[in-house]
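Engineer: Have a look at this one before I ask anything.
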Amino acid sequence: MARAFLVVMDSVGIGGAPDADLFFNGKVPDTGANTIAHIAEACARGEATGGRFGPLMMPNLDRLGLGRAVHLASGVTAPGLGREPVGLWGAATEVSRGKDTPSGHWELAGLPVPWDWHYFPDETPAFPDDIVRRVCEISGADGILGNCHASGTAIIGTCGPDHIRTGRPICYTSADSVFQIAAHEEHYGLEKLLRLCAELAPELHSMRVGRVIARPFTGDAETGFRRTGNRRDYAVQPPEPLLTNWVQDAGGHVSAIGKIGDIFSMTGIDDVRKGTDSELMRHLNEAVATAPEGSLTFANFVEFDSLFGHRRDVSGYAGALEWFDTEIGDVIAALRPGDMLLLTADHGNDPTWKGTDHTRERVPVLIAGKGTGSLGLMGFTDVAGLVAQHLGIDVPV
């Protein structure tokens, strides 16, 4: 029997989405956005020197075909990415009408999103009065803070002191279909925050808001506020079976690493391991060492997106890519005969682009353990098909 490891490099896009002109950062269309190529170009120009230096160095992913995938997707040659591939490589195009986490992951798992998500307007206040009242009813607070589009790290710095003083939860959103609630783990309480999000989520899901996200933090105004690793996403339940269900129904074990369990509302998932990206990499190595035959390990590495893409931090993103490339080399070396490692992404988040939102892009499909060659252009759903084929599972019609 075989094993499959499906790894999503959150936001690591490669440009070329044919409908990028229909997606925007503010009033600027995503046409021409290219996360990998633009980072590589900035590195080659010596502009990404915060904590790292020189050209972008990603030899392990490039040997799988990353440079070729960039060129296939967008026609661009990324500086420093031009090795002869020893893996399978291609570029995938999304059809779901969103450039967000659930849309990308659901479609990669075989299920394009069958509806339009609800997005909150980029104005203040951002939320309807009835939603604000409901948050207050559940939490017992006399109001909320925020009520706007905001960066999560910025808004806890701005609203943190008032939150501690008043007990009002900090509520904010973004260009994604999300309702985020930040609260101090000690002054407000982690369990209270999680209960608030869990009780509120069904009402927002009925509006087609994709996720209610608990964003706990610690610290104080003097030393600074810091988000913790206890984030929890309460996502809409997928309306149909997808890859995780297919594997389970065939008798295989499905392990989730990172926020995969939250994204799929635990649909078709047997166990979950969370943590920082460095901790997730340890979990992935452990899975390669111990996962049973016939299993799927489905991982998401989020910090490219959450720490660097949204903050438009080119140097930080480049450093994260180089760290990941080094670490994934050990994973590749530890694969057993018959294993497949498939690396892809769910959308782009070009740190050289305008605004702070995701960017509509094609994504790489890089495979170790299945030979060498071009997969060509494909759809996101073809990723699920490749995994299912490797595991000997029929794809439902």
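Engineer: Being among the basic types (Lys, Arg) and either at pLDDT below 95 or touching a strand residue (DSSP E or B) at 6+ places or on another chain (Cβ under 6 Å) (or both) is the filter here; which residues of the stretch 265-289 pass it? Can you show your working first?
Structural biologist: Going residue by residue through the stretch 265-289, those that are among the basic types (Lys, Arg) are 273-274, 282.
Hits for the stretch 265-289 are Arg273, Lys274.
Residue-wise test of (1) closer than 24 Å to Asp325 by Cα; (2) out of contact with any helix residue (DSSP H, G or I) (no Cβ under 8 Å at 6 or more places or on another chain); (3) of a type in the set (D, E, K, R); (4) surrounded by fewer than 24 Cβ atoms within 10 Å (Cβ to Cβ).
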{"residue": "Ala78", "(1), (2), (3), (4)": "yes, no, no, no"}
{"residue": "Gly82", "(1), (2), (3), (4)": "yes, no, no, yes"}
{"residue": "Ala91", "(1), (2), (3), (4)": "yes, no, no, no"}
{"residue": "Ser96", "(1), (2), (3), (4)": "no, no, no, yes"}
{"residue": "Thr101", "(1), (2), (3), (4)": "yes, no, no, no"}
{"residue": "Pro121", "(1), (2), (3), (4)": "no, yes, no, yes"}
{"residue": "Pro125", "(1), (2), (3), (4)": "no, no, no, yes"}
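Engineer: List the number of the failed condition for Arg63; all other conditions in (1) in a loop (DSSP other than H, G, I, E, B); (2) among the charged types (D, E, K, R); (3) within 25 Å of Gly316 (Cα to Cα) hold.
Structural biologist: (1)
Engineer: Continuing with this model, one more query. Looking at the stretch 170-233, what strands (runs of 3 or more DSSP E) fall wholly within it and have at least 3 residues that are buried (at least 22 other Cβ atoms within 10 Å of the Cβ)?
Structural biologist: On the way: elements: 170-173, 178-184, 211-220, 224-227.
Answer list for the stretch 170-233: 170-173, 178-184, 211-220.
Engineer: Within the stretch 152-168, is there a residue that is within 23 Å of the chain's Cα centre (by Cα), surrounded by fewer than 22 Cβ atoms within 10 Å (Cβ to Cβ) and of a type outside the set (Val, Ile, Thr)? Working first, answer last.
Structural biologist: Taking the stretch 152-168 first, the residues within 23 Å of the chain's Cα centre (by Cα) are 152-156.
Checking which are surrounded by fewer than 22 Cβ atoms within 10 Å (Cβ to Cβ) leaves us with 152-154.
With of a type outside the set (Val, Ile, Thr) added as a condition, the list becomes 152, 154.
Yes, the stretch 152-168 contains at least one residue that is within 23 Å of the chain's Cα centre (by Cα), surrounded by fewer than 22 Cβ atoms within 10 Å (Cβ to Cβ) and of a type outside the set (Val, Ile, Thr).
Engineer: Considering the stretch 19-40 alone, what residues qualify as being in a helix (DSSP H, G or I) and either of a type in the set (Val, Ile, Thr) or surrounded by fewer than 21 Cβ atoms within 10 Å (Cβ to Cβ) (or both)?
Structural biologist: Matches in the stretch 19-40: Asp21, Leu22, Thr35, Ile36, Ile39.
Engineer: Ok, one more. Go through the stretch 41-53 and report how many residues are touching a helix residue (DSSP H, G or I) at 6+ places or on another chain (Cβ under 7 Å), of a type outside the set (D, E, K, R) and either surrounded by fewer than 24 Cβ atoms within 10 Å (Cβ to Cβ) or assigned to a loop (DSSP other than H, G, I, E, B) (or both).
Structural biologist: Adding up the residues that qualify gives 5.
Engineer: Yes or no: the stretch 284-292 includes at least one residue that is in contact (Cβ under 8 Å) with a residue 12 or more places away in the chain and closer than 23 Å to Gly104 by Cα.
Structural biologist: yes
Engineer: Taking into account only those residues within the stretch 103-119 that are under 15 Å from Ile263 (Cα atoms) and not hydrophobic (A, V, I, L, M, F, W, C), which is surrounded by the fewest Cβ atoms within 10 Å (Cβ to Cβ)?
Structural biologist: So in the stretch 103-119, the residues under 15 Å from Ile263 (Cα atoms) come out as 103-113, 117.
So of that shortlist, the ones also not hydrophobic (A, V, I, L, M, F, W, C) come out as 103-105, 107, 110, 112.
On the way: Ser103: 25, Gly104: 28, His105: 25, Glu107: 25, Gly110: 24, Pro112: 14.
Result: Pro112.
Engineer: Here is a follow-up. Considering only residues of the stretch 299-323 that are small (Gly, Ala, Ser) and assigned to a helix (DSSP H, G or I), which is farthest from Gly51 (Cα to Cα)? Spell out how you get there, then give the answer.
Structural biologist: First, pick out the residues of the stretch 299-323 that are small (Gly, Ala, Ser): 299, 306, 309, 315-316, 318-320.
Right, trim to assigned to a helix (DSSP H, G or I) and you get 306, 309, 315-316, 318-320.
Numbers: Ser306: 18, Gly309: 16, Ser315: 7, Gly316: 8, Ala318: 10, Gly319: 7, Ala320: 10 Å.
This residue is Ser306.
Engineer: Filter the stretch 160-174 for residues that are touching a Leu at 6+ places or on another chain (Cβ under 8 Å) and not charged (D, E, K, R) and give the result. It would help to see each step written out before you state the result.
Structural biologist: The first filter runs over the stretch 160-174 and keeps only residues touching a Leu at 6+ places or on another chain (Cβ under 8 Å), leaving 162-163, 166, 168-171.
Within the stretch 160-174, His163, Thr166, Pro169, Ile170, Cys171 meet the criteria.
Engineer: Looking for whichever is out of contact with any His (no Cβ under 9 Å at 6 or more places or on another chain), closer than 22 Å to Met57 by Cβ and among the charged types (D, E, K, R) here; the options are Glu327, Glu286, Glu279. Which one fits? Steps first, please.
Structural biologist: Working: Glu286 fails: closer than 22 Å to Met57 by Cβ; Glu279 fails: closer than 22 Å to Met57 by Cβ.
After ruling out the rest, the residue left standing is Glu327.
The values are calculated or read from the model by the stated rules, or taken from the named source; none is laboratory data. If you're wondering where the values come from, they're calculated on a predicted model, not measured in any experiment. Virtual Cβ from ideal backbone geometry, glycine too; neighbours counted across all protein chains shown.
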